[in-house]
Amino acid sequence: MNPTVMHGLAIGLLVSFGMVIGIAIVFATLYRRHLRALRLTQRWMDPLTPLVGSSRSVLTLPLPNRWLAIRSSNTAFLREMLHIEPGEGSPWSEALVRFRERVIFISPPWRGWSLVVGAAIPDPAADIDQLYRFLSRLSREVGEVQFFSADRVLNHHAWAWLREGNVVRAYAWAGETLWSQGDWTLDERLLGLTCHDYGEAVEGPGICGGPSEQQNAERVALLARRWSLDPAEASAYFLALEASSRVRREGPDAADGA
């Protein structure tokens, strides 16, 4: 073949290769910018929002990893049942900061329910029998009690619904199924929650389970939303009440200083 023609072909191939590389670099740059923008957007989005059809409240304070919902608006009665001395009430903002302490905090009532948080609530992974006794006793005294727990690190999770001391539905998993009682509720099915039988093997290795366990832990708050109160939504309401009360008590400048 003529050397001139071969030289021209070589130059053409090099130019074509350079154009391909250039286009690839442009697309890679645009893709990185898209991912960066997507991450910034998702930073302010609750991943559970698509499941509830509307935006959930995003709090600056962390939510407790376990809590109670009690169908009662009688805060004084609940304080007595939970052995909280008169005058020991704390604002909900303090409860969200101190929920890892072995104390009990009670929220103001909302929509006929009251939330209870604090590490004094038994941990199902530590002693499931203690949790059962605690919930049974409390339910016999106050009526309807719901318990929720979600460890987003280990994927441990639990929920229980008791009425008049009787278990309506309960499920707890912490490396294995610790408690499974009552029929699956429609809400559990609609949320795609996976409940294992006693001794049933799970997909993932170790105590953290697999995708099903991770999904369960992520959706405990959504089950609470269907059964009683969404802790994020309720906490946003309680914090707004605190801010409003502070403004009435201390004046408009109090909100800016909070």
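What the table below lists for this structure:
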item: Every residue from segment 167-198 that is part of a strand (DSSP E or B) and either surrounded by fewer than 16 Cβ atoms within 10 Å (Cβ to Cβ) or not small (Gly, Ala, Ser) (or both); result: Val167, Val168, Arg169, Tyr171, Trp173, Thr177, Leu178, Trp179, Gln181
item: Neighbours by Cβ (under 6 Å, 6+ apart or cross-chain): first from segment 146-174, not assigned by TED's automatic domain parsing to the domain that holds Arg133; second modelled with pLDDT of 95 or more and small (Gly, Ala, Ser); result: none
item: Residue among Asp151, Asp123 that alone is of a type in the set (D, E, K, R), out of contact with any helix residue (DSSP H, G or I) (no Cβ under 7 Å at 6 or more places or on another chain) and within 30 Å of Ser180 (Cβ to Cβ); result: Asp123
item: Where Pro122 falls short, out of the listed (1) more than 30 Å from Ser244 (Cα to Cα); (2) touching a residue at least 24 places away in the same chain (Cβ under 8 Å); (3) not basic (Lys, Arg); result: (2)
item: All positions within segment 132-164 that are among the basic types (Lys, Arg), farther than 17 Å from Ser73 by Cα and assigned to a helix (DSSP H, G or I); result: Arg133, Arg137
item: Flag if Ala201 is assigned by TED's automatic domain parsing to the domain that holds Arg71, touching a Ser or Thr at 6+ places or on another chain (Cβ under 8 Å), surrounded by fewer than 20 Cβ atoms within 10 Å (Cβ to Cβ) and not β-branched (Val, Ile, Thr); result: no
item: Hits in segment 83-119 - residues which are in a strand (DSSP E or B) and touching a residue at least 60 places away in the same chain (Cβ under 8 Å); result: Trp110, Trp113, Leu115
item: Test: residue in segment 132-139 that is modelled with pLDDT of 95 or more, touching a Gly at 6+ places or on another chain (Cβ under 6 Å) and either assigned by TED's automatic domain parsing to the domain that holds Gly209 or among the hydroxyl-bearing types (Ser, Thr, Tyr) (or both); result: yes
item: Residues located in segment 204-219, provided they are surrounded by fewer than 16 Cβ atoms within 10 Å (Cβ to Cβ) and in a loop (DSSP other than H, G, I, E, B); result: Gly204, Pro205, Gly210
item: Checklist (1) modelled with pLDDT under 95; (2) surrounded by 15 or more Cβ atoms within 10 Å (Cβ to Cβ) applied to Glu88, failing item; result: (2)
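The values are calculated or read from the model by the stated rules, or taken from the named source; none is laboratory data. Quantities reported herein were computed from a predicted structural model and do not represent experimental measurements. Backbone-built Cβ (ideal geometry, glycine too); neighbour counts: all protein chains shown.
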